[in-house]
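Encoded as structure tokens, the structure appears first; notes follow it.
The values are calculated or read from the model by the stated rules, or taken from the named source; none is laboratory data. Everything numeric here is computed off the predicted structure, so don't read it as measured data. Here Cβ is always computed from backbone atoms with ideal geometry, including for glycine, and neighbour counts include all displayed protein chains. Heads up: the accessible areas ignore ligands, DNA and RNA and are worked out on the full protein's heavy atoms, side chains in. Shrake-Rupley method; radii C 1.70, N 1.55, O 1.52, S 1.80 Å.
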Amino acid sequence: MELFTKYYMEWKGGRKSGNTSYTNIPRFYYRLPAEDEVLLQKLREESRAVFLQRKSRELLDNEELQNLWFLLDKHQTSPMVGEEAMINYENFLKVGEKAGSKCKQFFTAKIFAKLLHNDPYGRISIMQFFNYVMRKVWLHQTRIGLSLYDVAGQGYLRESDLENYILELIPTLPQLDGLEKSFYSFYVCTAVRKFFFFLDPLRTGKIKIQDILACSFLDDLLELRDEELSKESQETNWFSAPSALRVYGQYLNLDKDHNGMLSKEELSRYGTGTLTNIFLDRVFQECLTYDGEMDYKTYLDFVLALENRKEPAALQYIFKLLDIENKGYLNVFSLNYFFRAIQEQMKIHGQEPVSFQDVKDEIFDMVKPKDPYKISLQDLINSSQGDTVTSILIDLNGFWTYENREVLVASDNDNTADVDDT
């Protein structure tokens, strides 16, 4: 019993420690300055600016990158793989010693092993390593650049912060040279909506800088620095001038009464004009409107959802509209509620309506939900059939495409054969 008491007291901290620091809990919380504490806010802003400047100076500049490439090329290890220069670990370490303190973080065994791919001599590609360094430097530069717009200093950007970042970025992107200054505000709104639609699914009004760096959107935006960007690349890039003008042009064309807003009737002509009235009713019930009409920002969310139906964020948007009972799942009643509108449209166009029972069975077969009577959002995402299912329920053209998929595939094959014959 004495031994138990002794060890128990030691475990509980009964034993006196020579290190008195254990008795004090270090401070780990520092509150942000209040709005009326102007001096503290200025001090915080200045200290952050100095910190970011110091971090920026730690990055490799163009001259240092050129010197690194020269050293790597000088220490390449024979033989070459095709036209690709290689380097072994011994020479890799030699370059690390000569490249300077800023490069030290890149010359580790871990990074070498990460880039090692089945070379019989145990070497890595010089070009791959250099691209890795360039990518890391670019990420850090971009993070510092974004952090300058982080007014709160908490590692995220609000909508206004990102708007300021993109507005000041426009003059540095040659592909946007042709934009009129009067269009800048609409361009910025169009660009920012994509970030917030996909990276802020809970609609908190802010996005982590880490999430911005991790996604491909910033790459797409900065791709506009390329003066020789192909027409095809511009058409598929949401941030390009042709894409932004296309989206805004569609909005203006839909706005028949020219009041700057879209009514349900005006929105019904979107795309092929085959979205069902029931679906459009749900859009205006659930989305932010002003006196029953939709503004450009809400329209952008609508377009992003319908143009990216395979993406989880888009499916979440549409699922919320389909979940009329707000239960978190779609049941037979929900599916029937929306498909009846498709059947009615088919009658109007003189087509024989398809049986709901057949469509319902096909939908459940495609999705294979965990619960055989309920389809959750996660079921839709996991099935990789979310875009097809939603198209069947909300768009007559989408349903027609699904219903005639075999005919369309056969037609495509015939066209391909004709091209081959010629």
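Descriptive notes on the structure:
- Each residue in the range 80-99 was checked for being of a type in the set (Gly, Ala, Ser) and open to solvent by 30 Å² or more (accessible area, probe 1.4 Å), and 1 pass.
- Any chance Leu139 is modelled with pLDDT of 95 or more and either open to solvent by less than 80 Å² (accessible area, probe 1.4 Å) or part of a loop (DSSP other than H, G, I, E, B) (or both): no
- Pairs with Cβ under 6 Å, 6+ apart, first in the range 232-253 and in contact (Cβ under 8 Å) with a residue 12 or more places away in the chain, second of a type in the set (D, E, K, R) and in a helix (DSSP H, G or I): Asn237/Asp220; Trp238/Lys194; Phe239/Asp220
- Any hit, the range 325-346, residues being under 26 Å from the mean Cα position of the chain (by Cα) and closer than 24 Å to Ala244 by Cα: no
- Count - residues of the range 46-63 that are open to solvent by less than 100 Å² (accessible area, probe 1.4 Å) and either under 29 Å from the mean Cα position of the chain (by Cα) or more than 15 Å from Gly153 (Cβ to Cβ) (or both): 10
- Taken together, Leu304, Leu275, Leu321 contain a single residue that is in contact with a strand residue (DSSP E or B) (Cβ under 8 Å, 6 or more places away or on another chain) and crowded, with 20+ Cβ neighbours inside 10 Å, which is Leu275.
- Residues that are in contact (Cβ under 8 Å) with a residue 60 or more places away in the chain, out of contact with any strand residue (DSSP E or B) (no Cβ under 9 Å at 6 or more places or on another chain) and surrounded by 12 or more Cβ atoms within 10 Å (Cβ to Cβ) do not occur anywhere in the range 279-296.
- Within the range 332-358, the residues that satisfy the criterion of being β-branched (Val, Ile, Thr), assigned to a helix (DSSP H, G or I) and touching a residue at least 40 places away in the same chain (Cβ under 8 Å) are Val332, Ile342.
- Single residue of the range 363-387 satisfying the filter (open to solvent by 40 Å² or more (accessible area, probe 1.4 Å), in a helix (DSSP H, G or I) and without any contact (Cβ under 8 Å) to a residue 12 or more places away in the chain) that is nearest to Phe333 (Cα to Cα): Asp365
- When residues of the range 255-267 are limited to those that are without any contact (Cβ under 8 Å) to a residue 24 or more places away in the chain and buried (at least 17 other Cβ atoms within 10 Å of the Cβ), the one farthest from Ser182 (Cα to Cα): Glu266
- Condition broken by Ile124, with the remaining ones in (1) of a type outside the set (D, E, K, R); (2) under 26 Å from the mean Cα position of the chain (by Cα); (3) surrounded by 13 or more Cβ atoms within 10 Å (Cβ to Cβ) satisfied: (2)
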